[in-house]
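Here the structure comes first, spelled out in structure tokens, and everything after it is commentary.
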Amino acid sequence: MKIAIVLGTSRRNGNTANLVEYFIEQYPAQCTLFHLSNYDIAPYDYNFNNQDDDFLPLITNIIENYDAIILASPVYWYAPSAQMKVFMDRLSDLLVINKPLGRKLKGMSAGVIATGVVSKPNTCFEEIFRATFNYLHMPYIGMLYCTYADEIENIASHQQYLDKHVSTYVTTAFA
Ligand SMILES: Cc1cc2nc3c(=O)[nH]c(=O)nc-3n(C[C@H](O)[C@H](O)[C@H](O)COP(=O)(O)O)c2cc1C
């Protein structure tokens, strides 16, 4: 199982990046990180005057070389980060001008890794991902969520929680 983890956050080495890093440390052979801040991806354009940016090469690589995609984002105002939303909007390109590639999304497993300050995020957060994956016929493998403060926190303060939940998430998700 090869897993592409796409991370969209405003803090390169912040809480969500820490959680993703911990996750990857447990499954280094399976996981590859794609940090959206390393890519130049423009918002969706109805006229597709953005096709020379980094979206198409990135999504082509993920679709052609990975079995599953995990979208990793902090909760910003009950929603995914703006960086993640831009990436998700651009999946629409695959429904309009790159349909053969888009069809390959079907059946590819998809999940979420997230951090936020609340102990349990409002259901609207996960629903955005769940509904999107459902529309794209991508089996949803669930969300690994961890509560973090506003400040950048050391992963050690979440060790017990993560030791328990990361393996449970992976076992359930990729059973
Ligand atoms: C603009 C902004 C909006 C936020 N909105 C929420 C929110 O709606 N719910 C929540 O639980 N946490 C919210 N937070 C807190 C972050 O989700 C939390 O601190 C997260 O771990 C930050 O991850 P990062 O370091 O990857 O940015 C918000 C933080 C910011 C900066």
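What helices (runs of 4 or more DSSP H) completely inside segment 1-98 contain at least 3 residues that are away from the ligand (no atom under 11 Å from the Cβ), out of contact with any Pro (no Cβ under 9 Å at 6 or more places or on another chain) and open to solvent by less than 10 Å² (accessible area, probe 1.4 Å)?
Working: elements: 15-26, 55-65, 82-90, 93-96.
The helices (runs of 4 or more DSSP H) meeting that bar are 55-65.
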* Report, ordered by the first and then the second residue, all pairs with beta carbons closer than 7 Å, sequence separation of six or more or different chains, a first member in segment 34-50 that is farther than 24 Å from N65 by Cα, and a second member that is among the aliphatic types (A, V, I, L, M) and not in a loop (DSSP other than H, G, I, E, B). => P43/V86
* Structure fact -> Going through segment 99-126 in order, the residues found to be assigned to a loop (DSSP other than H, G, I, E, B) and open to solvent by less than 40 Å² (accessible area, probe 1.4 Å) are L105, M108, P121
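Here's the yes/no breakdown for (1) within 20 Å of L7 (Cβ to Cβ); (2) within 13 Å of the ligand (Cβ to nearest atom); (3) among the basic types (K, R):
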position	(1), (2), (3)
L105	yes, no, no
V118	no, yes, no
T132	yes, no, no
V166	yes, no, no
A175	no, no, no
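Scan I141, I155 and give me the residue that is open to solvent by 10 Å² or more (accessible area, probe 1.4 Å), within 16 Å of the ligand (Cβ to nearest atom) and touching a helix residue (DSSP H, G or I) at 6+ places or on another chain (Cβ under 6 Å). Lay out the reasoning, then the answer.
Details: I141 fails: within 16 Å of the ligand (Cβ to nearest atom).
Step by step, each of I141, I155 is checked, and only I155 is open to solvent by 10 Å² or more (accessible area, probe 1.4 Å), within 16 Å of the ligand (Cβ to nearest atom) and touching a helix residue (DSSP H, G or I) at 6+ places or on another chain (Cβ under 6 Å).
The values are calculated or read from the model by the stated rules, or taken from the named source; none is laboratory data. Values in this document were obtained by computation on a predicted structure and should not be read as measured data. Glycine gets a Cβ as well: all are built from the backbone with ideal geometry, and neighbour counts include every protein chain shown. Heads up: the accessible areas ignore ligands, DNA and RNA and are worked out on the full protein's heavy atoms, side chains in. Shrake-Rupley method; radii C 1.70, N 1.55, O 1.52, S 1.80 Å.
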